[in-house]
Amino acid sequence: MTVDISTWKIPKHLPLADPQFNVSHGIDLIVGAELFSILLQAEQISFSDHLRVLQKTSLGYILSGKVPTSTRAPVTCLVSTLDSLDAQVRRFWEVEDFDHGKTFTAEEQRCEAHFVKTHTRNAEGRYVVRLPVRQEMLPLIGETWPMAARRFTAVEKRFRTDDALRTSYVEFMDEYQQLGHMEEVKTRVVLPQFFLPHHAIHRPDSSTTKIRVVFDGSAKSSNQLSLNDLLLTGPTIQPSMLCIVINSRFHRFVMKADVEKMYRQVLVHPDDRPLQQVAWRRKESEPLKTYC
């Protein structure tokens, strides 16, 4: 609140601790009670009107006392939104209702049909899947190598100041290759292709891997399209959390599986691997290589 002091008789020669004390602005300093009395000095000037007092301190004069209240009536504004009664009742039952499943959207049906039609199993029993690509968008991908290379250069800059991160990152990528999750591309890839940037997620509390390398499917190409934009969104196929909790109470023992490790048993079809390429090298002195 800003106070009008045009009618106040404050001596102009007095040095004020805050020359603009009447103007509302941010707080510069908070003085504790143990220091306040030390700052006070003997001189004090009183005003007859409104019992205002000018008190001398080590920082200059400060003013205290009553301030005339404004006669302007306060203005109160209320903004609210009202949902219709049927919408509120519907939302209530959606929260309280047991999940009996839902009807797939057109895109979810298309993605599900794509999976049923294209997935296979190899001689080892591992599933081989095709990416649910929107074929009509493939010609619009644009360039992704400059973006992926630039992002990897930023990761390498972190390596220069964090040797532990570099060591863990290299170990993770080496293991990724050894497990067959990625391999070097030694032949020219025929378009379309997509390069995914990657970075580390630090997990200091993990009992196994301290970092996890994340491949960014939301990164945009030169045409502002990401790999996620190119793929159909499939339906949620696992049961609802309510079903899982209730079903777990019917049995004496409950088992939990690592979904990430199960996912690693799935292979991407070779024809779709150019859409999941990365730039990588173990040392800055090496040339930047392409892996899929």
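Would you please list the contacts, defined by Cβ atoms under 6 Å and residues six or more apart or on different chains, that run from a residue in the stretch 159-181 that is within 15 Å of LYS283 (Cβ to Cβ) to a residue that is open to solvent by 90 Å² or more (accessible area, probe 1.4 Å) and of a type in the set (Gly, Ala, Ser)?
none
Could you tell me whether the stretch 223-245 includes any residue that is within 18 Å of ARG282 (Cβ to Cβ) and not small (Gly, Ala, Ser)?
no
This table checks each residue for (1) more than 28 Å from the chain's Cα centre (by Cα); (2) modelled with pLDDT under 90; (3) under 24 Å from PRO235 (Cα atoms); (4) open to solvent by 50 Å² or more (accessible area, probe 1.4 Å).
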{"site": "THR105", "(1), (2), (3), (4)": "no, yes, yes, yes"}
{"site": "VAL133", "(1), (2), (3), (4)": "no, no, yes, no"}
{"site": "GLU143", "(1), (2), (3), (4)": "no, no, no, yes"}
{"site": "THR153", "(1), (2), (3), (4)": "no, no, no, yes"}
{"site": "GLU156", "(1), (2), (3), (4)": "no, no, no, no"}
{"site": "GLN178", "(1), (2), (3), (4)": "yes, no, no, yes"}
{"site": "LEU191", "(1), (2), (3), (4)": "yes, yes, no, yes"}
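Among the listed residues SER218, SER206, identify the single one that is assigned to a loop (DSSP other than H, G, I, E, B), among the hydroxyl-bearing types (Ser, Thr, Tyr) and within 17 Å of THR167 (Cβ to Cβ). It would help to see each step written out before you state the result.
On the way: SER218 fails: within 17 Å of THR167 (Cβ to Cβ).
Sole residue among the options that is assigned to a loop (DSSP other than H, G, I, E, B), among the hydroxyl-bearing types (Ser, Thr, Tyr) and within 17 Å of THR167 (Cβ to Cβ): SER206.
Considering (1) under 17 Å from ARG281 (Cβ atoms); (2) loosely packed, with under 12 Cβ neighbours inside 10 Å, say which one VAL213 fails and leave the rest.
(2)
The values are calculated or read from the model by the stated rules, or taken from the named source; none is laboratory data. It should be emphasised that the depicted structure is a prediction, and the values quoted were computed from it without experimental measurement. Counting neighbours? That spans all protein chains shown, and the Cβs are built from the backbone with ideal geometry, glycine included. Quick note on the areas: whole protein, heavy atoms, side chains included, nothing else; ligands and nucleic acids left out. Shrake-Rupley method; radii C 1.70, N 1.55, O 1.52, S 1.80 Å.
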